[in-house]
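Sharing a structure here in structure tokens format.
Bear in mind these aren't lab numbers, they're just calculated from the coordinates by the rules spelled out. Model, not experiment: these values are computed from the prediction. FYI the Cβ positions are ideal-geometry reconstructions off the backbone, even for glycines, and counts take in every protein chain you see.
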Protein chains: 2
Amino acid sequence: MALEWKKNVREVTPYIPGEQPQEGKLIKLNTNENPYPPAPGIKKLISDADTERFRLYPDPDVTELVDALAEYHGVGGDMIFVGVGSDDVLAISFLTFFNSDKPILFPDITYSFYDVWADLFKIKYETPALGEDFTINTKDYIRPNGGIIIANPNAPTSVAMEPAAIQSIVASNGGSVVIIDEAYVDFGGKSVLSLTEKYDNLLVVRTYSKSRSMAGMRIGYAVGNPELIKALNSVKGSFNSYTMNMLSIVLGVESLKDEEYFRSVIGKIINTREKTGVSLERLGFKVLPSLTNFLFATHETVPASVIFEELKKENIYVRYFDKPLIDNFLRITIGTDEEMDIFLKKIGGIIKNFKKMKKGVDI
Amino acid sequence: MALEWKKNVREVTPYIPGEQPQEGKLIKLNTNENPYPPAPGIKKLISDADTERFRLYPDPDVTELVDALAEYHGVGGDMIFVGVGSDDVLAISFLTFFNSDKPILFPDITYSFYDVWADLFKIKYETPALGEDFTINTKDYIRPNGGIIIANPNAPTSVAMEPAAIQSIVASNGGSVVIIDEAYVDFGGKSVLSLTEKYDNLLVVRTYSKSRSMAGMRIGYAVGNPELIKALNSVKGSFNSYTMNMLSIVLGVESLKDEEYFRSVIGKIINTREKTGVSLERLGFKVLPSLTNFLFATHETVPASVIFEELKKENIYVRYFDKPLIDNFLRITIGTDEEMDIFLKKIGGIIKNFKKMKKGVDI
């Protein structure tokens, strides 16, 4: 076949998500999912769902969830935009706000979807280098630009930034929208959400996929000045009137009602994270200081790619990025204590075997 | 506030969906929803849902639903692309395939999202006029273009096109992707789905929102040559890895299993449509020949805008488009027999009152 139409196809290199094996018994520490189930109220709500209503379109304004989020965060409903996961919110934000001739800015090491969206929408970008300790230098973001996006805490590094540093970037860039992607902020980072009342150019993006254990139902949102939200809704309404399905809307509301459960899950994960970090260091890892639900770690002798492959053989999935600067690191999602114990035992074995093998080769 | 960032905001005029009133007792004939519930299996599936799994991301390849749709239509799994309603599938298709310097083509009267997507993605377009009987002239689509999109049957006219006419358009445009939007085809239209095996430039788009009574769960899909599907998946994977939530995937599969129920619902709607059409003609309406789940009708004396407003006062919602050429038409979704009986009674009263009032004015 000639496939003549191919000349007009948009050329892209899609984002590659972590593997999502559908079968089998495994320990899945590769996509930063929460090891604990969503709030108990979710189960009851689902069993009571009025499936006859599925015949109707959902509320295009998603009023119920918008209002619940506004109340939860103590802001106006006109300051909330919701989408199908924070990826949807971010994609729509790139399309809405990043239309300048000047390049947008984001760190050289960060969520690897940012350059994918920039390429998709033909947005120019520059990527200031992180410092040696993987921190962001605020000065790199105070220069002409068409927009800024920073993940805080950053991924896959797990390293967080102080609100004052973000505030200085936001305050210095009145002509650009500054997006702070707070996907992981609930695990100990400091949010800049309250600054959205003060700065009209600040958009804070959140997700239900990590701290709220609801990756499967695809819920994300943004908080910002009503004018930012209006612009997002116009573009979203030009893409798809009804992106959010009926069940995700009510489940999203339900999750917000159980603050105690939410806090307890986060507490458990932070606890496991700290213990796991210490254990990894004992095994010879350098572990970056994490305020997320994952650890970013590199071993003093065993290459990350080797550990990654060996763990996979043991049915333990972690994330490995074959990219400059981070190709000797592993990103390890925090699972339950039981999962991390098995993980640590296996990884200990892998390191031991590697050293034995090396020794054998050296002789 | 200065809102300096506004200069770089994408300027759009969003699609305005039909009203989706969330409260109250009303007869809703304005957004072409199905009056009957989804397949009975859906209810059971939902009550048994394993909500603990919501903590995980859904399968980004949506394999389960893709395979079920492939089997249902007797094509390969590499010929199916799924999305969050057919609007999502169409938006991604515009972004993927319509990147030529030449204008894309669609009828002047058609689904009013097409020009919204074209504007959003800055795609040039031309809109050949429908004939006086609201039919499409195939010759208008055999000239240089950057792509073609035709709804068959067309909306809001309800008028269908013969597959041979579509085939001639597809065959004459090897250098362009031709999208046939078959949102309403299950209600009596003739599908060109089988032609996707023959023509590498034909993409057929379908939805669960009408015939499958599942507008609330947002499921749509496209069928086409594996190369078309690959291009769609690349762009989709550059926008959002996981658009389809876990429940919609399994519910989408479940719906396909109950062909008998599906056929019975469609049969009832067609039956009600035919009866309603005859009754409207008796009341002085001209009704276009419909192969959809709605009627497009104009009254000989009473303006459509008047009927629209009067029906609303009676809590009956139909759709009115205040646009050139169709601003004296109403688009009436087919409800249950009971709903249409009430609708006809009320509309009869409105016409009678209008004539009485007119007569009063004339004297």
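Could you give the distance between the Cα centres of region B:118-134 and region B:308-323, to the whole Å?
Computed from Cα coordinates, the inter-centre distance equals 26 Å.
Something else about it: Counting each pair of different Cα atoms once, what's the Kirkwood radius of region A:234-344 in Å, rounded to one decimal?
16.6 Å
Antiparallel DSSP bridges in chain B: what percent, to the nearest 5?
Counting DSSP beta bridges with both partners in chain B, the antiparallel share is about 55 percent.
Divide the volume of the convex hull of the Cα atoms of chain B by its number of residues and quote the answer in cubic angstrom per residue.
Residue-normalised Cα hull volume stands at 181 Å³.
OK, next. With just the Cα atoms defining each centre, how far is region B:159-184 from region A:226-262? Give it in Å.
36 Å
Shifting gears a bit: Please list B:165-175, A:326-336 highest first by mean number of surrounding beta-carbon atoms within 10 Å per residue.
A:326-336, B:165-175
Would you kindly state how much longer the chain becomes between B:Glu281 and B:Asp133 on full extension, computed as 0.36 nm times their sequence separation minus their alpha carbon distance, in nm to one decimal?
51.6 nm
Turning to a different aspect of this structure: Mind checking the mean number of beta-carbon atoms from other chains within 10 Å of the Cβ atoms in B:89-102?
Mean partner shielding for this stretch: 3.
When the helices in chain A are scored as -39500 (n - 2.57) per DSSP H run of 4 or longer and the sum is shared across all residues, what 222 nm value do you end up with, to the nearest 500 deg cm²/dmol?
Theoretical 222 nm ellipticity from helices: -11500 deg cm²/dmol.
Enumerate the calculated ³J(HN,Hα) couplings along region A:330-335 in order (Karplus 6.51 cos²θ - 1.76 cosθ + 1.60, θ = phi - 60°), each rounded to whole Hz, writing x wherever the residue is Gly or Pro.
My calculation for region A:330-335 gives 10, 9, 10, 5, 7, x Hz in order.
OK, next. Given 25 °C and 0.890 mPa s, compute D for the protein assembly as shown with the Stokes-Einstein relation, Rh being the Kirkwood radius over Cα pairs; round to the nearest whole µm²/s.
Answer, rounded: 90 µm²/s.
Averaged over B:225-238, how many beta carbons belonging to a partner chain fall within 10 Å of each residue's beta carbon?
4
Another question, then. Counting other beta carbons within 10 Å of each Cβ, put B:Met217, B:Met340 in order, fewest first.
B:Met340, B:Met217
Return a single number: how many Lys pairs in region B:41-257, at a sequence separation of 8 or more or on separate chains, have alpha-carbon atoms below 26 angstrom apart.
25
Next question. Kindly write out, for region A:69-82 in residue order, the coupling ³J(HN,Hα) from the Karplus curve 6.51 cos²θ - 1.76 cosθ + 1.60 (θ = phi - 60°), rounded to whole Hz, with x marking Gly and Pro.
Once θ is set to phi - 60°, the couplings for region A:69-82 become 5, 4, 5, 4, 9, x, 10, x, x, 7, 10, 10, 10, 10 Hz.
Compute the orientation-averaged projected area for region A:57-257 from the convex hull of its Cα atoms and round it to one decimal in nm².
Taking a quarter of the hull surface, the average projection is 10.2 nm².
Express as a percent, rounded to the nearest 5, the fraction of DSSP beta bridges in region B:83-229 (both residues included) that run antiparallel.
35 percent
Please sort by residue number the GluC sites (Glu not before Pro) in region A:286-352 whose DSSP state is loop and whose Cβ has at most 13 other Cβ atoms within 10 Å.
A:Glu300
Something else now. Counting other Cβ atoms within 10 Å of each Cβ, which GluC sites (Glu not before Pro) in region A:1-110 have at most 15 and sit in a DSSP loop?
Answer by residue number: A:Glu11, A:Glu19, A:Glu23.
A further question on this structure: Tell me, what HN-Hα J-couplings in whole Hz come from the Karplus equation 6.51 cos²θ - 1.76 cosθ + 1.60 at θ = phi - 60° for each residue of region B:159-164, using x for Gly and Pro?
7, 9, 10, 7, x, 4
For chain B, calculate the relative contact order in percent as a whole number, restricting contacts to Cα pairs under 8 Å that are 6 or more residues apart.
22 percent
Another question about this same structure. If you rank B:Met357, A:Met161 by fewest surrounding Cβ atoms within 10 Å, what's the result?
Sorted ascending by nearby Cβ count, the order is B:Met357, A:Met161.
Compute the distance in nm between two label points, each set 7 Å from the Cα along the Cα-to-Cβ direction, one at B:Lys122 and one at A:Met357.
5.1 nm
Of the DSSP beta bridges with both residues in the protein assembly as shown, give the percent that are antiparallel, rounding to the nearest 5.
55 percent
Just to confirm the filter: which trypsin sites (Lys or Arg not before Pro) across region A:92-167 are DSSP coil and have at most 11 other Cβ within 10 angstrom of their Cβ?
A:Lys122
Hey, another quick one. For a quick check: with amide H placed at 1.01 Å from N, whose amide H comes under 5 Å from A:Leu291's, ignoring anything fewer than 5 positions away on the same chain?
A:Ala160
Where does each of A:291-299, B:101-109 land if you order them by average Cβ count within 10 Å, highest first?
Descending mean neighbour count gives A:291-299, B:101-109.
Count, for each residue of A:214-224, the Cβ atoms from other chains sitting within 10 Å of its Cβ, then give me the mean as a whole number.
Shielding by partners across A:214-224 averages 5.
For region A:26-102 and region B:17-59, what is the centre-to-centre distance using only Cα atoms, to the nearest Å?
Their Cα centres are 16 Å away from one another.
A further question on this structure: Can you sort A:Val250, B:Val177 so the residue with the fewest Cβ neighbours within 10 Å comes first?
A:Val250, B:Val177
Rounded to the nearest 0.05, what FRET efficiency do A:Leu3 and B:Asn271 have when you use their Cβ-Cβ distance and R0 = 45 Å?
0.55
Collect residues whose amide H, placed 1.01 Å from N in the peptide plane, falls under 5 Å from the amide H of B:Leu130; neighbours closer than 5 in sequence don't count.
When sequence neighbours closer than 5 places are left aside, the close amide H contacts are B:Asp108, B:Ile109.
What distance in nm separates the simple spin-label points at A:Thr13 and A:Glu64, each placed 7 Å from Cα in the Cβ direction?
Each label point is offset 7 Å from its Cα along the Cβ direction, giving 4.3 nm.
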